[in-house]
Amino acid sequence: MHFFHLFLVSLLFMESVWTESNMTVVITTVNGDIVGYHMDLPQNNLSRLAVYNIGIFQGIPYAEPPTANLRFSHPVPKRSWKPRQLMATRPSHACPQPLWFLRQYSFGPDYNNTSEDCLYLNVYAPNIDHVATNKYPVMVWIHGGSYKYGSGSEYDGRILAMFGVVVVTMNYRLGALGFLSTDDHIAPGNYGLHDQLLALRWVQSNIAQFGGDHNRVTIFGQSAGGGSVSLHMFSPKATGLFRGIIAQSGCALSPWAIYRPPHTIGTYTNKLATRLGCRTTSSAEILTCLRNKSTEEIISTNVGAPPMISAFAPRVDDDYIKDLPENLLTKHEFLKDVHFMSGFLPQELAEDLGDTPGIDNGITADSLNDFLHDKSRRYLSQADEMENALRCVYPASGDMETNRAKLIEMESDYGYVAPHIKLTEQLTQTGVSAFLYNFSYRSENSILKGWMGVPHSAELYYEFGSPFLDSMPCPESRLSTCPVTWGKYQAWSEMDSRVSRETMSLWTDFVKSMDRNDTILISSTNKTWPRYGQNGIFITISNTLVIDQLIRTKSIEFWDSFNYLDLSVHIPNNCSKSQSVIVG
């Protein structure tokens, strides 16, 4: 049967015959028995996927609560709960954070379920009734949110699991609780990254009990999650925990992914301590005082932030990560036995401009140049040179809509597009099998303004099957809850459903192709996706999947030449002084 016809038949079947079983399912882990539940699927439903039921386990603890003396410390593995059974039928608390994010994007306006006791994960396992014979690849999701927002439970993995993978989502500590540091061994920071590593060790020890193959683990994440998964590639502590990486709209070379000189977290730790009435004469004194402050005091105290990074974020600590990723790349000190996929969206930061006065009409040349001036000030002694270069690469004009597009292009290139291309190219040159994508699909039913195009996070709704969520049972108060906004984000069209299915196929085809280093067979189209290679081959995900060759623009060449460490700026050769100072 032709794929698209099969897809429509499957979709209609899905909407009419999903059934829920009342049966629970018990899995034995290293720590003890876990009680989850499964949903039965009709034997002839989505037959090409050969998935007949999904096992769902929510709120599995992988660490002891990071409270009291464990606050600002490495996580401690969860102790056994034997002989009792642990009920894993509800999402756990989210980690402490300002609540507006989870309320707006996932759980609705009344959500308030946060606690420092938040180190839990969720498992979505296909064909759980045949767990003893299953050997599915595993996909471990690390959520984004600027290292200060988000929850693993925002991302419901039951539909992605239908494509023949075990999906794991996790919480990790955020903000100051996850990344505060005194820039020394007293409070080294990176606790959130160590949480992620401990969750990955839990997967290694337990995932076979859910039908997963611990030798075929892929870590994937978006935004700060993309930064996290690719930073793990540069940590010896992550050796043996995964074989695949998917870094989405954020990677280790993004300027916001990790602290870079001259900025340090210690500056903001001291500000936090001072504002909460702590003495700051020693690191030990700061740590003792902050451990005695309330959760609310810590997360609600604003200390500002350096340019392009959250105040509390990953840092080089000589433990989790020994040096900056760009230096480790040069020295070839990273995990090389991995399968790497990376990608971006064309208008990454467009939505961030939505509150700018008059932005719907565009911006004037003066306004664009003001933005570029402000951007350049972060480069200290090189600020004037950077401003001239930016004005050349993103020139202002008399057309306000063009100026707006230039601003979006600049912000997206700097933080996302150029770092992804650079990392993919450098990994390719060292022999890593690397693949690059550009997700540029915009739904005809998009609720975003047209000029925003395809902004940051747009792919997530398709990657986790939002067009199908309304037709997938999601018990509310009795067993579990789902993010209330995902399935209702917009009205979903047949094309949205098709792109969602193709996106999930593409991600899982990558995960299943670990032993084929040069190409990925895309099961939904039978096209072959070659690795990036010397020819710069990448895939565009839109109404159709298009294999193309990357054309290096002037802006990409410029950011390639920019050095984050010494802030050296190279004005492109075809820029004259007069070109670089356009005003209007």
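So which residues in segment 528-556 are under 19 Å from residue 342 (Cβ atoms) and charged (D, E, K, R), if there are any at all?
Listed by number, the residues that qualify are 531, 548, 552.
In segment 273-309, how many are within 16 Å of residue 178 (Cβ to Cβ) and of a type in the set (S, T, N, Q)?
Result for segment 273-309: 3.
Test residue 564 against the criterion of being among the aromatic types (Phe, Trp, Tyr) and either at pLDDT below 85 or farther than 24 Å from residue 140 by Cα (or both), and give yes or no.
Yes, satisfied.
For residue 262, state whether it is modelled with pLDDT under 95 and at negative phi.
Yes; evaluated as a whole, the condition is true for this residue.
I'd like to know if segment 336-352 contains one or more residues that are more than 25 Å from residue 439 (Cβ to Cβ) and in a loop (DSSP other than H, G, I, E, B).
yes
Are there any helices (runs of 4 or more DSSP H) wholly within segment 120-211 with 3 or more residues that are in contact with a strand residue (DSSP E or B) (Cβ under 9 Å, 6 or more places away or on another chain) and under 17 Å from residue 460 (Cβ atoms), and if so which?
158-161
Would it be correct to say that residue 434 is part of a helix (DSSP H, G or I) and either hydrophobic (A, V, I, L, M, F, W, C) or on the phi > 0 side of the Ramachandran plot (or both)?
no
For segment 217-242, enumerate the residues that are surrounded by 22 or more Cβ atoms within 10 Å (Cβ to Cβ) and either in contact with a Cys (Cβ under 6 Å, 6 or more places away or on another chain) or basic (Lys, Arg) (or both).
Residues satisfying the conditions are 226, 230.
In segment 285-314, what count of residues is obtained for those that are in contact with a Ser or Thr (Cβ under 6 Å, 6 or more places away or on another chain) and of a type outside the set (Ser, Thr, Tyr)?
The qualifying residues number 1.
Among the listed residues 212, 189, 227, 240, which satisfies the condition of being under 17 Å from the mean Cα position of the chain (by Cα) and of a type outside the set (Ser, Thr, Tyr)?
On inspection, the qualifying residue turns out to be 227.
I need the full set of residues from segment 243-279 which are touching a Cys at 6+ places or on another chain (Cβ under 7 Å) and crowded, with 24+ Cβ neighbours inside 10 Å, in order please.
257
Could you grab the pairs with beta carbons closer than 8 Å, sequence gap of 6+ or different chains, first residue in segment 543-554 and without any contact (Cβ under 8 Å) to a residue 24 or more places away in the chain and among the aliphatic types (A, V, I, L, M), second one part of a strand (DSSP E or B) and exposed (fewer than 13 other Cβ atoms within 10 Å of the Cβ)?
547/528
Are any residues in segment 486-541 without any contact (Cβ under 8 Å) to a residue 24 or more places away in the chain and assigned to a loop (DSSP other than H, G, I, E, B), and if so, which ones?
Passing the criteria: 487, 488, 515, 516, 523, 526, 535.
Could you list, in sequence order, the residues of segment 501-532 that are hydroxyl-bearing (Ser, Thr, Tyr), surrounded by fewer than 22 Cβ atoms within 10 Å (Cβ to Cβ) and farther than 16 Å from residue 433 by Cα?
If the condition is that a residue be hydroxyl-bearing (Ser, Thr, Tyr), surrounded by fewer than 22 Cβ atoms within 10 Å (Cβ to Cβ) and farther than 16 Å from residue 433 by Cα, then 505, 523, 524, 525 are the ones that fit.
Based on this model, can you work out whether residue 160 counts as in contact with a helix residue (DSSP H, G or I) (Cβ under 7 Å, 6 or more places away or on another chain) and at pLDDT 95 or above?
Judged against the criteria, residue 160 is not a match.
Sort out for me the helices (runs of 4 or more DSSP H) sitting completely within segment 354-414 that have 3 or more residues that are closer than 18 Å to residue 449 by Cβ and in contact (Cβ under 8 Å) with a residue 12 or more places away in the chain.
400-412
Restricting the search to segment 358-384, which residues are surrounded by 15 or more Cβ atoms within 10 Å (Cβ to Cβ) and either under 19 Å from residue 308 (Cα atoms) or in contact with a His (Cβ under 6 Å, 6 or more places away or on another chain) (or both)?
Residues satisfying the conditions are 368, 369, 371, 372, 373, 375, 376, 378, 379, 382, 383.
Being in contact (Cβ under 8 Å) with a residue 24 or more places away in the chain and either surrounded by 15 or more Cβ atoms within 10 Å (Cβ to Cβ) or assigned to a strand (DSSP E or B) (or both) is the filter here, so list the residues in segment 99-113 that pass it.
If the condition is that a residue be in contact (Cβ under 8 Å) with a residue 24 or more places away in the chain and either surrounded by 15 or more Cβ atoms within 10 Å (Cβ to Cβ) or assigned to a strand (DSSP E or B) (or both), then 101, 102, 105, 106, 107 are the ones that fit.
In segment 280-318, how many residues are in contact with a helix residue (DSSP H, G or I) (Cβ under 6 Å, 6 or more places away or on another chain), under 23 Å from residue 260 (Cα atoms) and surrounded by fewer than 18 Cβ atoms within 10 Å (Cβ to Cβ)?
Adding up the residues that qualify gives 2.
Among the residues in segment 435-445, are any closer than 21 Å to residue 560 by Cβ, at pLDDT 95 or above, among the hydrophobic types (A, V, I, L, M, F, W, C) and surrounded by 18 or more Cβ atoms within 10 Å (Cβ to Cβ)?
yes
Of the residues 353, 324, which is aliphatic (A, V, I, L, M) and at pLDDT below 95?
After applying the criteria, what remains is 353.
Report, ordered by the first and then the second residue, all pairs with beta carbons closer than 9 Å, sequence separation of six or more or different chains, a first member in segment 76-92 that is touching a residue at least 40 places away in the same chain (Cβ under 8 Å), and a second member that is of a type in the set (Val, Ile, Thr) and assigned to a loop (DSSP other than H, G, I, E, B).
80/30; 86/29; 90/481; 91/481
The values are calculated or read from the model by the stated rules, or taken from the named source; none is laboratory data. Note that the coordinates shown come from a computational prediction; the quantities given were computed from them, not determined experimentally. In this analysis, Cβ positions are derived from the backbone assuming ideal geometry, glycine residues included, and neighbour counts consider all displayed protein chains.
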